[in-house]
Amino acid sequence: PGSATPYPVEAPASTALFDRAQALTPGGVNSPVRAFQSVGGAPRFMVRGEGPYLVDADGRRYVDLVGSWGPLIHGHAHPAVVDAVQTAAAAGTSFGTPTEAEIELAAEIVERTPVSQVRLVNSGTEATMSAIRLARAATGRSKVVKFAGCYHGHVDALLAAAGSGVATLSLPGSPGVTDATTAETIVLPYNDLAAVTAAFAEHGTEIAAVITEAAAGNMGVVPPRDGFNTELARLAHAHGALLILDEVMTGFRVSRSGWHGLDPVDGDLWTFGKVMGGGLPAAGFGGRAELMAQLAPAGPVYQAGTLSGNPVACAAGLASLRLADADAYRRLDEAATTVSKLASAALAGAGVPHRVSAAGNLFSIFFTETEVRDYDTARTQDTAAFAGFFHAMLGQGIYLPPSAYEAWFVSTALDDDALEQLAGALPVAAQAAAR
Ligand code: PLP
């Protein structure tokens with residue numbers, strides 16, 4: 001669809017960098033969703049971030065609605081975060097020993113969330129991978145239930161019917177993941193309790209865990225139906241399985257704890273990432289102390305990392321969480337409401353079928369008339385209309401996620417100027433989507 005976009009924008013510096021990158025890196029990017037594959041064109045190479053804005057290699061400034069895919073709730077280069085990083089880095093970037101910063105970050109996470117112990121890792125992928133290992137070890141079982149369209153990182157067992165880049169590129173799964181691995185994964189439709197009940201009826205004694213995004217954000221945003229997560233916990237526990245709530249995207253964004261703050265559930269393990277690293281690589285997983293005590297060196301379940309709990313990443317995460325007070329969450333909620341209402345009004349004005357779908361301040365806009373409740377309904381989208389919309393926004397200096405299957409991420413840095421620019425761009429982009 002991309003080659004026929006109505007507002008082609010030349011970006012010579014980005015295009016030259018992309019050419020070089022493609023020679024050296026598969027597809028020219030280090031994570032697939034950064035490429036503009038589903039919308040077409042060369043991805044913009046960014047050189048700087050300032051509050052609500054990104055600046056690209058051609059010197060163009062964009063209002064940023066991606067926020068590094070979630071971590072940057074305070075916008076780019078917030079002075080408190082930059083200070084914390086500079087101070088930590090000047091004291092040494094890594095020691096390979098425990099540090100007090102890890103305790104501080106863990107204490108902040110434990111205070112905000114239902115977990116009583118947390119293990120720090122470097123990415124959301126490591127968090128979910130390790131949580132699954134722990135759940136399998138704790139139950140002595142092997143099968144895992146996941147939901148179609150949910151993305152939990154590129155863990156082999158969880159790459160079946162995954163969201164995010166796997167959805168964007170329309171991939172069923174991934175070559176290289178063995179049948180033996182996916183045979184241990186039961187993929188069910190999201191929001192479908194009858195399917196979960198049936199899976200437990202058939203495989204109840206083999207299921208180690210159900211893993212779910214606390215609120216789905218990787219097939220676009222699809223909130224769990226009322227009581228869905230609670231019922232997952234009940235069913236899992238009735239059959240001796242664990243419930244893993246993946247809050248990598250929602251954690252510390254939709255409330256001071258995450259989705260748990262809006263829809264508390266009696267889960268067993270939680271995974272975190274993104275916001276808790278403040279834009280540096282940090283993630284974690286946690287649960288009750290007895291369960292976490294099975295991890296090495298307290299217990300036999302191996303889990304480790306050369307850079308886990310890195311002092312610079314911990315400093316960035318801690319600074320970011322300390323800024324995330326009640327006022328920050330009020331501003332995030334307000335920004336999400338403003339942006340989604342402006343976008344919906346513009347699309348309605350141009351007669352473009354769409355659905356705003358939100359889980360707290362995390363939202364996305366589906367280019368479809370169909371009510372979206374799961375991956376199948378998410379895929380009723382008109383992705384060509386989205387591509388036209390995306391490029392028209394880009395051409396007017398608004399950086400949206402380059403995929404119809406991704407959430408729009410707001411930040412507290414979105415000020416009146418940025419919102420005004422957005423409001424001006426939306427009607428033009430809506431016209432582009434209508435073509
Ligand atoms: N879980 C969820 C819900 C995510 O959204 C993501 C990333 O987008 C991950 C896990 C994987 O995190 P990472 O990309 O840090 O490995």
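Quick one: which of T306, T338 is surrounded by fewer than 18 Cβ atoms within 10 Å (Cβ to Cβ), away from the ligand (no atom under 16 Å from the Cβ) and within 19 Å of G67 (Cβ to Cβ)? Can you show your working first?
Working: T306 fails: within 19 Å of G67 (Cβ to Cβ).
Within the list T306, T338, the selection yields T338.
Specify which of the listed residues (G153, G149) is touching a residue at least 60 places away in the same chain (Cβ under 8 Å), part of a loop (DSSP other than H, G, I, E, B) and surrounded by fewer than 24 Cβ atoms within 10 Å (Cβ to Cβ).
G153
Would you mind telling me which numbered condition in (1) of a type in the set (A, V, I, L, M, F, W, C); (2) part of a helix (DSSP H, G or I); (3) in contact with a strand residue (DSSP E or B) (Cβ under 8 Å, 6 or more places away or on another chain); (4) within 28 Å of V312 (Cβ to Cβ) A138 fails?
Every listed condition holds for A138 apart from (4).
Can you pull out the residues in the stretch 401-435 that are within 23 Å of the chain's Cα centre (by Cα) and more than 16 Å from G75 (Cβ to Cβ)?
Of everything in the stretch 401-435, those that are within 23 Å of the chain's Cα centre (by Cα) and more than 16 Å from G75 (Cβ to Cβ) turn out to be P401, P402, S403, A404, Y405, E406, A407.
Tell me which helices (runs of 4 or more DSSP H) are completely within the stretch 274-370 and hold 3 or more residues being within 22 Å of A434 (Cα to Cα), or say none if there are none. Explain how you work it out, then say what you get.
Details: elements: 289-292, 311-323, 326-349.
Result: 326-349.
Considering only the stretch 127-172, state which residues are within 13 Å of the ligand (Cβ to nearest atom) and on the phi > 0 side of the Ramachandran plot.
G149, G153, S164, listed by residue number.
Of the conditions (1) without any contact (Cβ under 8 Å) to a residue 60 or more places away in the chain; (2) touching a helix residue (DSSP H, G or I) at 6+ places or on another chain (Cβ under 9 Å); (3) of a type in the set (G, A, S), A77 clears all except one; give me its number.
(2)
Out of all the residues in the stretch 74-105, which are under 28 Å from F409 (Cβ atoms), polar (S, T, N, Q) and either assigned to a loop (DSSP other than H, G, I, E, B) or modelled with pLDDT under 95 (or both)? Spell out the reasoning first.
Within the stretch 74-105, the subset under 28 Å from F409 (Cβ atoms) is 74-89, 93, 101-102, 104-105.
Next, from what is left, pick out any that are polar (S, T, N, Q): 86-87, 93.
Answer for the stretch 74-105, where residues must be under 28 Å from F409 (Cβ atoms), polar (S, T, N, Q) and either assigned to a loop (DSSP other than H, G, I, E, B) or modelled with pLDDT under 95 (or both): just T93.
Taking the stretch 113-126, which residues are hydroxyl-bearing (S, T, Y) and more than 13 Å from the ligand (Cβ to nearest atom)? Show your work before the answer.
Taking the stretch 113-126 first, the residues hydroxyl-bearing (S, T, Y) are 113, 116, 123, 125.
Of everything in the stretch 113-126, those that are hydroxyl-bearing (S, T, Y) and more than 13 Å from the ligand (Cβ to nearest atom) turn out to be T113, S116.
Given the options T197, T178, T185, T205, name the one that is touching a residue at least 60 places away in the same chain (Cβ under 8 Å), over 25 Å from S357 (Cα atoms) and among the polar types (S, T, N, Q). Working first, answer last.
Numbers: T197 fails: touching a residue at least 60 places away in the same chain (Cβ under 8 Å); T178 fails: touching a residue at least 60 places away in the same chain (Cβ under 8 Å); T185 fails: touching a residue at least 60 places away in the same chain (Cβ under 8 Å).
Selected residue: T205, the only one of T197, T178, T185, T205 that is touching a residue at least 60 places away in the same chain (Cβ under 8 Å), over 25 Å from S357 (Cα atoms) and among the polar types (S, T, N, Q).
Across the stretch 208-228, what is the total count of residues that are more than 14 Å from the ligand (Cβ to nearest atom) and not hydrophobic (A, V, I, L, M, F, W, C)?
Taking the stretch 208-228 first, the residues more than 14 Å from the ligand (Cβ to nearest atom) are 208-210, 225-228.
Cutting the leftovers down to not hydrophobic (A, V, I, L, M, F, W, C) gives us 225-227.
So the answer is 3.
When the residues of the stretch 55-71 are narrowed to those that are outside any loop (DSSP other than H, G, I, E, B) and among the charged types (D, E, K, R), which ends up nearest to the chain's Cα centre (by Cα)?
So in the stretch 55-71, the residues outside any loop (DSSP other than H, G, I, E, B) come out as 55-56, 61-64, 67-69.
Within this subset, residues satisfying the condition of being among the charged types (D, E, K, R) are 56, 61, 64.
Details: D56: 23, R61: 24, D64: 16 Å.
Checked the stretch 55-71; the qualifying residue nearest to the chain's Cα centre (by Cα) is D64.
Say whether the condition of being within 21 Å of the chain's Cα centre (by Cα), not hydrophobic (A, V, I, L, M, F, W, C) and not in a helix (DSSP H, G or I) is met by at least one residue in the stretch 22-33. Write out each step before concluding.
As a first pass, look at the stretch 22-33 and keep what is within 21 Å of the chain's Cα centre (by Cα): 29-33.
Then keep just the ones that are not hydrophobic (A, V, I, L, M, F, W, C); that gives 30-32.
Subset that is not in a helix (DSSP H, G or I): 30-31.
Yes, the conditions are met somewhere in the stretch 22-33.
So M46 passes all but one of these: (1) in contact with a strand residue (DSSP E or B) (Cβ under 6 Å, 6 or more places away or on another chain); (2) in contact (Cβ under 8 Å) with a residue 12 or more places away in the chain; (3) of a type in the set (A, V, I, L, M, F, W, C). Which condition number does it fail?
Answer for M46: the failing condition is (2).
Sort through A57, A84, A21 and tell me the only one that's buried (at least 16 other Cβ atoms within 10 Å of the Cβ), closer than 24 Å to V166 by Cα and not hydroxyl-bearing (S, T, Y). Break it down into steps so the answer makes sense when it comes.
Details: A57 fails: closer than 24 Å to V166 by Cα; A84 fails: closer than 24 Å to V166 by Cα.
Being buried (at least 16 other Cβ atoms within 10 Å of the Cβ), closer than 24 Å to V166 by Cα and not hydroxyl-bearing (S, T, Y) holds for just one of A57, A84, A21, which is A21.
Enumerate the strands (runs of 3 or more DSSP E) found wholly within the stretch 162-262, keeping only those where 1 or more residues are at pLDDT 95 or above and among the basic types (K, R). Quick ask: steps written out before the conclusion?
Numbers: elements: 185-188, 207-213, 242-246.
Ranges flagged: none.
Answer yes or no as to whether T271 is within 16 Å of the ligand (Cβ to nearest atom), in contact with a Ser or Thr (Cβ under 7 Å, 6 or more places away or on another chain) and of a type in the set (S, T, Y). Don't jump to the end; show me each part of the working.
On the way: within 16 Å of the ligand (Cβ to nearest atom): yes; in contact with a Ser or Thr (Cβ under 7 Å, 6 or more places away or on another chain): yes; of a type in the set (S, T, Y): yes.
Against the criterion (within 16 Å of the ligand (Cβ to nearest atom), in contact with a Ser or Thr (Cβ under 7 Å, 6 or more places away or on another chain) and of a type in the set (S, T, Y)), T271 qualifies.
Are any residues in the stretch 237-252 more than 11 Å from the ligand (Cβ to nearest atom) and in contact (Cβ under 8 Å) with a residue 40 or more places away in the chain, and if so, which ones? I'd like the intermediate steps shown before the answer.
If we filter the stretch 237-252 for residues that are more than 11 Å from the ligand (Cβ to nearest atom), which is where we start, we get 237-243, 252.
Across the stretch 237-252, the qualifying residues are G240, A241, L242, F252.
The values are calculated or read from the model by the stated rules, or taken from the named source; none is laboratory data. These numbers were taken from a predicted model, which means no experiment stands behind them. FYI the Cβ positions are ideal-geometry reconstructions off the backbone, even for glycines, and counts take in every protein chain you see.
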